[in-house]
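Enquirer: Okay, handing you the structure first.
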Amino acid sequence: MTKQEAPFADNTSPRRSTGIGRFLLVFLWRLLLLGVGGGLAWVFGLVLAGVFPDLTPEVPLVVKVLRRAKSETLTASSTFKPSQSSPAVTSASPPAKLSAEQRRQLQAELQQLQADLQALRDRTTKLENQAGRPQAGRQNSAEPLAARLQEISQQLQSDRVPNPNQVTAASKVSAPSDALKVTLPSDRLFEARDSVLLPQAPVLLDTVIADLQNYPGATIQIAAHTDDRGDATDNRELSFRRAQAAEQYLLTALKKKYHMIAVGYGGTFPLVENNSDTNRQRNRRIEIAIISP
C-alpha cells in the first residue's frame, strides 16, 4: 500500500506549482495592461483637450474648495485687524454734538483760560527781567512756564547760597548773609524710584532740624535732584514728591513756624557729570536751604 501511494503524491506537486505560476503571470500581465492603458488614456485626453478646448469650462471642485477657504481666511484676518487698532478707531470717532448754548459756554471758558495763560506768561517775563534774565524772557517765550520758573528759582538760590563741591551726610555752606544750606544724599532717605522716607531717614533730618531752629520764621527751600537715568518728566515728578515728603517731615517737627517751598528739579542741575555710578549717586540729593531769614 505504501509503495502505490508514493507515485501519486509526486504527480500532484508539479501541478500545483504550475497553477500558481500561471496565476501570477496573468495578474502581472493584466496589471501591466491597466497601467499602459491608463497612461495612453491620460495622454490622449491631454491631446484632445488641447485640440478641442471647452468654451465654458467648469471649475473643478477641488479648486472651488481651495478658493473658498482662502477667501474665508482673508475675511477673518480683515475683521481681526480693527480690534488690534482699537485706539485708532476710538480716536476717529465723530465728536459729540453740542448745543449752541454749550458752545458759547465752552468758548467763554477757553477765552478765560487763554487770558490767564497770557497773564501768567507776562508775570513770568517780568520776573525774568527783575532777575536779570531779559534775553530768556524775550527769546524763550515758547519754553514751558514750569521750566522757566525753575530756572528763576535756581538763579535766586545760587545768588544767595553757593553750590557745595561735595555731597555729604550733612554739609553746611555759609553764604555772605549767614544763610544755611544742607545737602543730604537721596539714597540715605529713599528707596530707588520711591518717594517714601526710609525708617533711618528721620535720623538725618533731625540733624538738620537742630540747625533750622536757629532761624525761626525763615523761608526754607527743599530742592530734590535725581541723576540722568530714566525719563526726564518722570524724574521731575519723582524729585518733587521726594521734596514734599521731606517738607512734610520738617513741618511736623518744626510745628509749622517756617514757610517752606518744595521744588523738584529732576536731573536738570547735576553737581557732576553723570558718567559713573559714583557721580550719579552724588547727583541724587536733597538740598535744604534758607533763602529768606
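Enquirer: Could you go through segment 206-224 and let me know if any residue there is surrounded by 13 or more Cβ atoms within 10 Å (Cβ to Cβ), at negative phi and free of Cβ contacts under 8 Å to residues at least 24 places away in the same chain.
Expert: Within segment 206-224, the subset surrounded by 13 or more Cβ atoms within 10 Å (Cβ to Cβ) is 207-209, 211-212, 215, 218-224.
Those left that are additionally at negative phi: 207-209, 211-212, 215, 218-224.
The next check asks that each one be free of Cβ contacts under 8 Å to residues at least 24 places away in the same chain; those that pass are none.
No, because not a single residue in segment 206-224 is surrounded by 13 or more Cβ atoms within 10 Å (Cβ to Cβ), at negative phi and free of Cβ contacts under 8 Å to residues at least 24 places away in the same chain.
Enquirer: Which condition does ASN235 not pass, out of (1) within 17 Å of ALA146 (Cα to Cα); (2) part of a strand (DSSP E or B), if it passes all the others?
Expert: (2)
Enquirer: Turning to a different aspect of this structure: Can you report the number of residues in segment 205-220 which are under 20 Å from PHE190 (Cβ atoms) and not acidic (Asp, Glu)? Show your work before the answer.
Expert: Here is the first cut: in segment 205-220, the residues under 20 Å from PHE190 (Cβ atoms) are 205-209, 220.
With not acidic (Asp, Glu) added as a condition, the list becomes 205, 207-209, 220.
Going through segment 205-220 one residue at a time, the tally reaches 5.
Enquirer: Can I ask one more? Which residue pairs have Cβ atoms closer than 8 Å, lie 6 or more positions apart in sequence or on different chains, and pair a first residue in segment 177-200 that is closer than 18 Å to ALA289 by Cα with a second residue that is small (Gly, Ala, Ser) and loosely packed, with under 14 Cβ neighbours inside 10 Å?
Expert: LEU180/SER174; VAL182/SER171; THR183/SER171; LEU184/ALA169; PRO185/ALA169
Enquirer: Taking segment 247-262, which residues are part of a helix (DSSP H, G or I) and not acidic (Asp, Glu)?
Expert: Kept after step one, since they are part of a helix (DSSP H, G or I), are these residues of segment 247-262: 247-254.
Passing the criteria: GLN248, TYR249, LEU250, LEU251, THR252, ALA253, LEU254.
Enquirer: When you look at LEU271, is it at pLDDT below 95 and either of a type in the set (Gly, Ala, Ser) or in a loop (DSSP other than H, G, I, E, B) (or both), yes or no?
Expert: Details: at pLDDT below 95: yes; either of a type in the set (Gly, Ala, Ser) or in a loop (DSSP other than H, G, I, E, B) (or both): yes.
So LEU271 fits the description; yes.
Enquirer: Moving on to the next point. Can you go through GLU109, GLU72 and tell me which one is modelled with pLDDT of 60 or more and within 30 Å of ALA147 (Cβ to Cβ)? Step through it out loud before you land on a result.
Expert: Details: GLU72 fails: within 30 Å of ALA147 (Cβ to Cβ).
The unique qualifying residue is GLU109.
Enquirer: If you scan segment 171-229, which residues turn out to be hydroxyl-bearing (Ser, Thr, Tyr) and modelled with pLDDT of 90 or more? Walk me through how you get there before you give the answer.
Expert: Of segment 171-229, the ones hydroxyl-bearing (Ser, Thr, Tyr) are 171, 174, 177, 183, 186, 195, 207, 215, 219, 226.
Selection gives THR183, SER186, SER195, THR207, THR219, THR226.
Enquirer: Name the pairs whose Cβ atoms lie under 6 Å apart, with the first residue in segment 243-268 and touching a residue at least 12 places away in the same chain (Cβ under 8 Å) and among the β-branched types (Val, Ile, Thr), the second surrounded by 15 or more Cβ atoms within 10 Å (Cβ to Cβ) and not in a helix (DSSP H, G or I), and 6 or more positions between them or separate chains?
Expert: Listed pairs, sorted by first residue: ILE261/GLN221; VAL263/ALA223.
Enquirer: Checking ARG242 against (1) touching a Phe, Trp or Tyr at 6+ places or on another chain (Cβ under 7 Å); (2) at pLDDT below 95; (3) of a type outside the set (S, T, N, Q), only one condition comes out false. Which one?
Expert: So the condition that ARG242 fails would be (2).
The values are calculated or read from the model by the stated rules, or taken from the named source; none is laboratory data. Because the structure is a prediction, the values reported are computed rather than measured. Quick reminder, even Gly has a Cβ in these numbers, built from the backbone with ideal geometry, and neighbours come from all protein chains shown.
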